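Remarks on the structure that follows.
Values quoted throughout were computed directly from the atomic coordinates according to the rules given, and no laboratory measurement underlies them. As the structure is a computational prediction, the values presented were derived from the model and not from experiment. Here the Cβ positions follow ideal geometry from the backbone for every residue, glycine too, while neighbour counts run over all protein chains shown.
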Amino acid sequence: MPILRTRRAAACAVLASLALGGSAIAADAPDTTMSVSPRVTISPPSESPADFPGVSKVRKGQAIPRNWAVVSRDARITRGGEPAYAAMRMTCPKGKTWRSGASSGDIGVSVLDITAAPGRKRSVLVMATFSASDVRVGESASGTVYALCR
């Protein structure tokens, strides 16, 4: 009987060490973390922070034209073991609709709303992305996402 208990105890000890070792390996790869700032509205006559595709009236470094506005949100993504991206809603000020989007820094932007025809929606769901081949585990990508509104 004592030999059986010893073998059972040894088997339990081996299984416990394997389980703990497996969780230690999984803990080596941290989670991807994201932070997104509240929206900031940039109004005329301030300078436009970016060029916006499809809109020739608003150019980076030039004054934002009357009746237009730019909404910005800063995003920071610290890459973990598995890349993940940040989805956020870009909402135009009341009375204005989304016209175009842009980004700066290490962050790229993709529009997720397939019904986001310019001039029809006040808010649009977008995804802030980064190049997973350029950002290693533990490193961060940061930038700003912009929505152009009129």
query: Under 21 Å from the Cα of Lys60, which lysines turn up, not counting those fewer than eight places away in the same chain?
result: Lys96
query: Which values, in whole Å and largest first, are the semi-axes of the equivalent ellipsoid of segment 32-91 obtained as the square root of 5 times each eigenvalue of the Cα gyration tensor?
result: 29, 12, 9
- prompt: What net charge do the residues around Ser48 carry, taking every other residue with its C-beta under 12 Å from that of Ser48, with Lys and Arg at +1 and Asp and Glu at -1?
  reply: +1
statement: Assertion target for Leu148, Leu112, ordered by fewest C-beta neighbours within 10 angstrom first, is Leu112, Leu148
For segment 83-148, the fraction of alpha-carbon pairs in successive 10 Å shells from zero, as %: 21, 48, 23, 8, 0
task: Would you mind calculating the gained length between Ser131 and Asp28 on full extension (0.36 nm times residue separation, minus the Cα-Cα distance), in nm to one decimal?
output: 34.9 nm
message: Can you compute 3J(HN,Hα) from phi for each residue in segment 64-79, using the Karplus curve 6.51 cos²θ - 1.76 cosθ + 1.60 with θ = phi - 60°, rounded to whole Hz and x for Gly and Pro?
response: 5, x, 4, 6, 10, 8, 10, 9, 10, 9, 7, 10, 9, 10, 9, 6
- request: Return P(r) of segment 31-149 (all Cα-Cα pairs; 5 Å bins starting at 0; whole %; ordered from short to long distances).
  value: 2, 12, 22, 22, 18, 12, 7, 4, 1, 0
message: Cross-link candidates for Lys121: which aspartates and glutamates have Cα within less than 15 Å, leaving aside residues fewer than 8 places away along the same chain?
response: Asp113
